[in-house]
Every structure is written in C-alpha cells, then in structure tokens.
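Beneath this line is the structure, given in structure tokens, with notes to follow.
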Amino acid sequence: MGFLSVLSFAHKLVSERLTPGDIAVDATAGTGADTLFLAKACGMKGHVFSFDIQQQALDLTQARMAKEESGLIAEVTLLNTSHARMEQELPVNVHGQVAAVMFNLGYLPAEGADPALITVPDSTIPALEAGLRLLRPRGVLTAVLYPGHPGGEIEAAAVEDWAKALPASMGQTIIYRQLQRPSAPYLVAVDRK
Ligand SMILES: C[S@@+](CC[C@H](N)C(=O)[O-])C[C@H]1O[C@@H](n2cnc3c(N)ncnc32)[C@H](O)[C@@H]1O
C-alpha cells in the first residue's frame, strides 16, 4: 500500500484545517483539481481564490467546476494573474483570515500546454511570503515541488531554503519526501503560528 502520495498528503494536511465557510487560495489552478478540492472543503458558504497566468488553465478549472452541483461548493474566483499578486488581489477584509494556501508548482499538465511555461522562484518566493501573511493563525500552506523537470530542481531548492529559514515565530515547516527517489515530487508545508 505504501505511504500517501505527495498530493494526497497535501490534501490531508489542508482538509484537517478547513471547515465549512472558510476562505482558501489555490495559487496554481492548473487543471483545477486543487481548486475543486478546496471548494468542496470550504463548502457553500466558503470562498476559494484561484490563480493562474494561463487562461487555458483557468478554462480547464472553470470546466471542472461546471460539472459540480452549484450551491454545494464554495464560490470560486478565478484570477488570471501571477500568484505573486495574491495580497493585492484578495479583498483586504480577508487578509489574515485565509485557512489554507496551496501551491502545486511546475507546468500545466494539459494537452497543448507549453511545458516550458513553469513556475519560477522569482515569483514563487514572493507568492509564498504573501500566502503566509494572508493565513490566519493555525492556517496551513502547502507547496508540491517538482525537482524532476528542467528548472524544477532550482525552484525546489529555493522553496526548501525559504522554508528552512522561516523564523519559528512565523510557523513550523515540514518536508514529506521519498528518500530513494530524489527526482520525485515532494511536499513542503507550513503550519502558521
Ligand atoms: C503543476 S500546475 C498546477 C496543477 C494543478 N494544481 C492541478 O491540479 O492540475 C502549475 C500551474 O502553475 C501556473 N503558473 C506558472 N507560473 C505562475 C504564476 N506566477 N502565478 C500563478 N500560476 C502560475 C501554470 O500556468 C500551471 O498551470
């Protein structure tokens, strides 16, 4: 059976913190899997803000949401802009109230998408910083890292360094990684103090 996959473990950490009515952020909408997961967990009174720089990703996310019965999941706001703008894009009244921020880095896993269009440390690190500031106390931030593709290793190392250097007064950071497969995706998570 083995341990939980990295994505399942990220969902587990987040679902343990979310309750109906919560606000959450998907920093990398992609095909919308995490947005849908967050929308279900936040429930009909909740709100999910979902970012992606590619319209194709937001269209895929929108299509995924459209299959759900409306009224049962959270309101979802799709934002076609960089996650580095998270603080400017979220209403001021939800700053410090966000229960979870999820990052799934790398490229859009969809037909016809440009695999060279990947997340990069120059925007990922400011976005992580912003995500942390938006979280409420005991909120959780997750980042799935992909060291196996070109550029992914540098980004994964940058995120790890960022998490290691985070003052304990800001939160506790952990890593979830299969040690025998250095190129496999892995997870860094922050429990906000
Ligand atoms: C690995 S995919 C996300 C997978 C997604 N969570 C899913 O369930 O399908 C990474 C996404 O990050 C997006 N991305 C790249 N740079 C970004 C940025 N600066 N801000 C927001 N999204 C970005 C890409 O367009 C891509 O769709």
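The values are calculated or read from the model by the stated rules, or taken from the named source; none is laboratory data. If you're wondering where the values come from, they're calculated on a predicted model, not measured in any experiment. Please note: Cβ atoms are built from the backbone with ideal geometry, for glycine as well, and neighbour counts cover all protein chains shown.
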> Which condition does P115 not pass, out of (1) within 16 Å of the ligand (Cβ to nearest atom); (2) assigned to a strand (DSSP E or B), if it passes all the others?
Replying inline: (2)
> Which residue, of L179, L141, L134, is under 29 Å from G2 (Cβ atoms) and crowded, with 20+ Cβ neighbours inside 10 Å?
Replying inline: L141
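Residues being within 20 Å of R17 (Cα to Cα) and not acidic (D, E): count how many of those fall in the stretch 169-193. Give the steps one after another, and end with the answer.
Step one: filter the stretch 169-193 for residues within 20 Å of R17 (Cα to Cα), giving 169-176, 187-193.
Right, trim to not acidic (D, E) and you get 169-176, 187-190, 192-193.
Qualifying residue count, the stretch 169-193: 14.
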> How many of the residues in the stretch 115-166 are acidic (D, E) and within 16 Å of the chain's Cα centre (by Cα)?
Replying inline: 3
>> Of the conditions (1) within 9 Å of the ligand (Cβ to nearest atom); (2) part of a loop (DSSP other than H, G, I, E, B); (3) not hydrophobic (A, V, I, L, M, F, W, C), T124 satisfies every one except a single condition; which number is it?
In response: (2)
> Can F49 be described as more than 10 Å from the ligand (Cβ to nearest atom), surrounded by fewer than 22 Cβ atoms within 10 Å (Cβ to Cβ), aromatic (F, W, Y) and modelled with pLDDT of 95 or more?
Replying inline: no
> Does the stretch 150-176 hold any residues that are over 23 Å from L135 (Cβ atoms) and part of a loop (DSSP other than H, G, I, E, B), and which are they?
Replying inline: P150, G151
> From the list A57, A27, which residue is within 24 Å of A184 (Cβ to Cβ), out of contact with any helix residue (DSSP H, G or I) (no Cβ under 9 Å at 6 or more places or on another chain) and buried (at least 19 other Cβ atoms within 10 Å of the Cβ)?
Replying inline: A57
>> Restricting to the stretch 15-31, name every residue that is under 11 Å from the mean Cα position of the chain (by Cα) and within 12 Å of the ligand (Cβ to nearest atom).
In response: V25, D26, A27, T28, A29, G30
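Let's see how each residue does on (1) surrounded by 13 or more Cβ atoms within 10 Å (Cβ to Cβ); (2) more than 9 Å from the ligand (Cβ to nearest atom); (3) within 18 Å of L141 (Cβ to Cβ):
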| site | (1), (2), (3) |
| --- | --- |
| K40 | yes, yes, no |
| T77 | yes, yes, no |
| V94 | yes, yes, yes |
| A99 | yes, yes, yes |
| V120 | yes, no, no |
> assigned to a helix (DSSP H, G or I), closer than 24 Å to A74 by Cα and either modelled with pLDDT under 95 or not acidic (D, E) (or both): does that describe R138?
Replying inline: no
> Picking from T19, T35, which residue would you name as being buried (at least 19 other Cβ atoms within 10 Å of the Cβ), within 24 Å of I174 (Cα to Cα) and of a type in the set (S, T, Y)?
Replying inline: T35
>> Quick test of your reading of the structure: R138 fulfils all but one of (1) within 27 Å of A41 (Cα to Cα); (2) touching a Gly at 6+ places or on another chain (Cβ under 9 Å). Name the failing condition by number.
In response: (2)
